[in-house]
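The values are calculated or read from the model by the stated rules, or taken from the named source; none is laboratory data. These numbers were taken from a predicted model, which means no experiment stands behind them. Don't worry about glycine lacking a Cβ; one is built from the backbone with ideal geometry, like all the others, and counts go over all protein chains shown.
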Amino acid sequence: MSNPLIWAEGLTKNFQVGEKTVEALRGLDLEVKEKDFIIIFGPSGCGKSTLLNVLIGLEKPSSGMCLIKDKNIYTLEADDIGKLRADIFGIIYQKSYWVSSLSVLENVALPLIINGVGEKEAREHAQEMLESLKIGELAYHKPFHLSGGEQQKVACARALVTDPEVIIADEPTGNLDTGSADNLIGIIESLNRGWGKTVILVTHNPAYREIGTKQIEIRDGKITKEKEQKWA
């Protein structure tokens, strides 16, 4: 049996707020296997986003271990953590951040250009990615001129353009109406089922909890419920 893609053990993360210590994560263990679709849910402030930030190398845990493809990421130099994050993860946030002076196509191509791909090749690949998500006609619009649902589809294209192994989606439907949210979740499902991507989705919407391969509930920085489930 192959090793987990992500293995976290005994994660704690403390923040100092004035004279008070806030325990965001408290001895949390997590295993993510290749092609998993993990749904993480729980009340606001329970540690969901902190966990994601620790897993992708943005916040060092106070204690515990996080292995990404058998590499203990917090023993690496900062530049190496950044390269590993760029290679392994594609990230979709609740609110997308755009370079406002660039078109949709240029924003989607940007991660490739940052990784050293030539501009012409990056733009061609970005256009192919937009076409694959059926939003090629948006290429020359400015992102801020698009609806919320369109922006999140573009965010999917940007997350996918470097061909990452893991898609992290942190409340991606939080600012969308029901129809746009369901449409986006359908795209994220297809990334797992059709494209074979490993997906970690954080959501408050109980309607989306049954779509993955595993449900994880977090409360007060701990996993309080973990349920394996099969696709319908």
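A few remarks follow.
- Index of the failed condition, TYR74 passing every other in (1) touching a Cys at 6+ places or on another chain (Cβ under 7 Å); (2) within 24 Å of THR173 (Cα to Cα): (2)
- Verdict on SER100 being surrounded by fewer than 18 Cβ atoms within 10 Å (Cβ to Cβ) and more than 21 Å from ASN175 (Cα to Cα): no
- Among the residues of segment 196-211, those identified as under 20 Å from ILE6 (Cα atoms) and touching a helix residue (DSSP H, G or I) at 6+ places or on another chain (Cβ under 8 Å) are LYS197, THR198, VAL199, ILE200, LEU201, VAL202.
- Search result, residues across segment 42-53 that are surrounded by 20 or more Cβ atoms within 10 Å (Cβ to Cβ) and either in a strand (DSSP E or B) or at positive phi (or both): GLY42, GLY47
- Residues of segment 123-135 that turn out to be surrounded by fewer than 19 Cβ atoms within 10 Å (Cβ to Cβ), touching a helix residue (DSSP H, G or I) at 6+ places or on another chain (Cβ under 7 Å) and either modelled with pLDDT of 95 or more or more than 14 Å from LEU105 (Cβ to Cβ) (or both), as a count: 2
- Test: residue in segment 173-181 that is surrounded by fewer than 15 Cβ atoms within 10 Å (Cβ to Cβ) and closer than 17 Å to ILE39 by Cβ: no
- Filter result for ILE92 (β-branched (Val, Ile, Thr), within 30 Å of GLU31 (Cα to Cα) and without any contact (Cβ under 8 Å) to a residue 60 or more places away in the chain): no
- Segment 1-41, subset free of Cβ contacts under 8 Å to residues at least 40 places away in the same chain and part of a strand (DSSP E or B), residue farthest from ALA86 (Cα to Cα): LYS20
- Where ILE40 falls short, out of the listed (1) more than 16 Å from the chain's Cα centre (by Cα); (2) among the hydrophobic types (A, V, I, L, M, F, W, C); (3) within 15 Å of ASN192 (Cβ to Cβ): (1)
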